[in-house]
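Input: a single structure, listed below in structure tokens.
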Amino acid sequence: MGAFLLKRLGRMLGVLFVISVIVFFIFNVMPNEPAAQIAGKSATPELIAQVEETWGFDDPLPVQYLTVMELTFTGELISYTRQLDVDEEIWKGLPATLSLCAGAAVIWLFFAVLFGYLSAFRAGRPTDRVLMLVSLVSISLPIFLVSALALNYLSYKLELFPSSGYVGLTEDPLDWAYHLVLPWTTMAVLFIGLYARVLRANLLEVMDEDHVRTARAKGLGERQVRVRHVLRNALLPIVTLFGLDFAALIGGAAIITEYIFSLGGIGQLTANSVADLDLPPVMALSMLAAFFVVVFNALVDIAYTWLDPRIKLERSR
Amino acid sequence: MEGSPRRTALRRLRGDRGAIAGLALFAAIVVFVLAAPLWANHVADTGPNATHTTEKVEVDGEPREVVSVEGTPVGPLWLGAGGKFFLGADGRLGRDEMVRLMYGGRTSLFIALTASLIATLSALALALLAGYFRGWVDAVISFLLDVIWGFPVLLLGIALGTALAVGGLDLGPISISAGSVWIPTLIGGFVFASYIARPLRGEVLALREQEFVKAAVAAGASPWRVMLRELLPNLWPTAIVLFTVNVANMMLLEAGLSFLGAGVQAPDASWGTMIAGGFELIFSSPLLMILPSTLIFLTVLSLNLIGDGLGAALNPRSRATIEAHTGRFEPKREAA
């Protein structure tokens, strides 16, 4: 286990390094006039000169890279367009983003497991067909359609839920949930289908395995066989998938959801920065979100190995 | 060629009601966007980017403002004005919503199809190289694929889109001006290549162990011959399914990028930019956001139905449709 842990962490550091190089390349090397773009749309020549100086655009690339990394990781990144301290904005937005993602994840996992379980054990029958059609619709739904319908009907016409704003959990837990119901649901709908389908496929495969037949043969109740032997084994691959998708939310669905429902989290910061073509925040956020995914991925892998020791043997081969 | 794999697959596909419905729906959408110039020239009598802010349109003999003084665009007129503003106007600029939907669909479909084609072809090349040579070639390729795959799709697209939105792309021989549809297209091709290459690489590695490949290598076939004549033909079934589902995912990515301003640039219409415009008027004219979103939904649904049908027809045990979404090789579980 120790050697595996070291190897996995080493790989993680390598990936983090490569990601930082990619982000550096995208923002500082690829554009035609990076300094002007980092300074923002309406920058004065003085500001551009100042950016060139601070970011060291005259230095050779490796030195530039180090300067940029220092700026990013010491929290000295500044949005020149809107005069914001990027670091501070990110910390401010974190609670809203985490609330959104965690709540949505609970909803989507619950329904995905329910749908996947019901359809796998009724494979080929009407329940299965209906649920799989629902899942296909869920996979195909653009977040915009769900949120447009939710905003227009549930929020505007029926006035059931607020259309925007975030209330802190510590301020008022009920109001917190009330404001998040629509964004949670919107985001969850996008994932229920895929997870239900993956789980159904896993369940159908596990069902055919020998240990399930053995469990039945030794006289275990059907319910126990289904939950303890089939569902448990079929859920394992979902753990890895979930770890990745959850971590990727910050750089994915949360951006659009927060923007549409004005939740004021990291996602909205990203969306607003993109709209203003304000590069420093986008750069910091890209790095943050990608790092989040990589670290999460490593943690999930380690947890997975601990849950299922067979994996370690396979990978060390 | 009785009972050839291709025939079996076609027969299975014909019996799949979901796949047939998907094909019909997709064909209808293609006809819809291809008819754009016909509708624009002969019915609506306007172009996708033509503004009609201060104009009036005659509805059943009575003049109506295309955009009211408060800035609210006219709603659907259906055939009230002889097909002009069939679905109303698109906002303050008073452009014809129907015409923009048709032209916007062309842009969105072009981007999705081209980007997925680029992603699939480069993925095939990478997977063949990594899976055939293995060793350090595979180590380098799969490490890079892992890194790019680990980046959240939308964010990588956004990062590239915002960095290129102002000055365009200027990388040696490739030079693309800012605002070109090729920017979101190339971004999509790059972002999704890992999602297709990773499952394909897994497949090549598995094929590499099979007798017919070993025999070809032992018989002295050159690497290119083995890759193109032995391995590639066996990859098509999976590659086609991955491509189809990827077109669907690319439609969603284009919408997300354009919605945020990092994709197709104004005044050009795509379903994503139209959603962005509609969102500003979500409470006064909800249709402007609902219509393009619904078209994206129908297109994505049709492609997913086709992908499912193809997956089941080409290889009943295949998990290619799931692989297309997760970007992971999902081998069949060995029966213990």
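The values are calculated or read from the model by the stated rules, or taken from the named source; none is laboratory data. None of the values given here were measured: they were computed from a predicted structure. Don't worry about glycine lacking a Cβ; one is built from the backbone with ideal geometry, like all the others, and counts go over all protein chains shown.
Yes or no, residue by residue, for (1) out of contact with any helix residue (DSSP H, G or I) (no Cβ under 7 Å at 6 or more places or on another chain); (2) basic (Lys, Arg); (3) over 25 Å from A:ALA102 (Cβ atoms); (4) not assigned by TED's automatic domain parsing to the domain that holds A:GLY103:
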residue	(1), (2), (3), (4)
A:LEU131	no, no, yes, no
A:TYR156	yes, no, yes, no
A:GLY168	no, no, no, no
A:LEU180	no, no, no, no
A:GLU205	yes, no, yes, no
A:GLY221	yes, no, yes, no
From the option list A:LEU190, A:LEU94, single residue qualifying as of a type outside the set (Gly, Ala, Ser), buried (at least 19 other Cβ atoms within 10 Å of the Cβ) and touching a residue at least 40 places away in the same chain (Cβ under 8 Å) is A:LEU190
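Please determine, by comparing only the residues of the stretch A:23-42 that are of a type in the set (A, V, I, L, M, F, W, C) and in contact (Cβ under 8 Å) with a residue 24 or more places away in the chain, which one is farthest from A:ASN272 (Cα to Cα).
A:VAL29
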Based on this model, can you work out whether A:GLU171 counts as part of a loop (DSSP other than H, G, I, E, B), acidic (Asp, Glu) and out of contact with any His (no Cβ under 8 Å at 6 or more places or on another chain)? yes
Only listed residue being surrounded by 13 or more Cβ atoms within 10 Å (Cβ to Cβ) and touching an Asp or Glu at 6+ places or on another chain (Cβ under 8 Å), chosen from B:THR46, B:THR53, B:THR72: B:THR46
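For A:ASP301, state whether it is of a type in the set (D, E, K, R), part of a helix (DSSP H, G or I) and within 10 Å of another protein chain (Cβ to nearest Cβ).
Values: of a type in the set (D, E, K, R): yes; part of a helix (DSSP H, G or I): yes; within 10 Å of another protein chain (Cβ to nearest Cβ): no.
No; evaluated as a whole, the condition is false for this residue.
What residue, of B:GLY157, B:GLY202, B:GLY161, is part of a helix (DSSP H, G or I), within 14 Å of chain A (Cβ to nearest Cβ) and touching a Phe, Trp or Tyr at 6+ places or on another chain (Cβ under 6 Å)?
Of the residues listed, the single one that is part of a helix (DSSP H, G or I), within 14 Å of chain A (Cβ to nearest Cβ) and touching a Phe, Trp or Tyr at 6+ places or on another chain (Cβ under 6 Å) is B:GLY202.
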Conditions (1) surrounded by fewer than 20 Cβ atoms within 10 Å (Cβ to Cβ); (2) within 14 Å of chain B (Cβ to nearest Cβ); number of the one not met by A:GLY116: (1)
Going through B:SER108, B:SER142 one at a time, which residue ends up being among the hydroxyl-bearing types (Ser, Thr, Tyr), within 30 Å of A:VAL15 (Cα to Cα) and not in a loop (DSSP other than H, G, I, E, B)? B:SER142
Can you say whether A:ARG216 is farther than 30 Å from A:PRO34 by Cβ and more than 12 Å from chain B (Cβ to nearest Cβ), as far as the supplied structure shows? yes
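Would you mind finding the one in B:VAL69, B:VAL33 that is closer than 22 Å to B:ASP90 by Cβ, in a helix (DSSP H, G or I) and not basic (Lys, Arg)?
When all the criteria are applied, what remains is B:VAL33.
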For the subset of the stretch B:75-106 comprising residues that are farther than 23 Å from B:ALA255 by Cα and in contact with a helix residue (DSSP H, G or I) (Cβ under 6 Å, 6 or more places away or on another chain), which member is surrounded by the fewest Cβ atoms within 10 Å (Cβ to Cβ)? B:GLY83
Step by step: first the residues of the stretch B:295-318, then only those that are surrounded by fewer than 24 Cβ atoms within 10 Å (Cβ to Cβ) and within 18 Å of B:ASN234 (Cα to Cα), then the one that is modelled with the lowest pLDDT. Which residue is that? B:ARG317
The stretch A:234-253, subset more than 10 Å from chain B (Cβ to nearest Cβ) and β-branched (Val, Ile, Thr), residue surrounded by the most Cβ atoms within 10 Å (Cβ to Cβ): A:ILE238
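Would you say B:ALA125 is within 17 Å of the chain's Cα centre (by Cα) and away from chain A (no Cβ under 14 Å)?
no
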Return yes or no: is A:LEU231 touching a residue at least 60 places away in the same chain (Cβ under 8 Å), more than 9 Å from every other protein chain (Cβ to nearest Cβ), part of a helix (DSSP H, G or I) and surrounded by 16 or more Cβ atoms within 10 Å (Cβ to Cβ)? yes
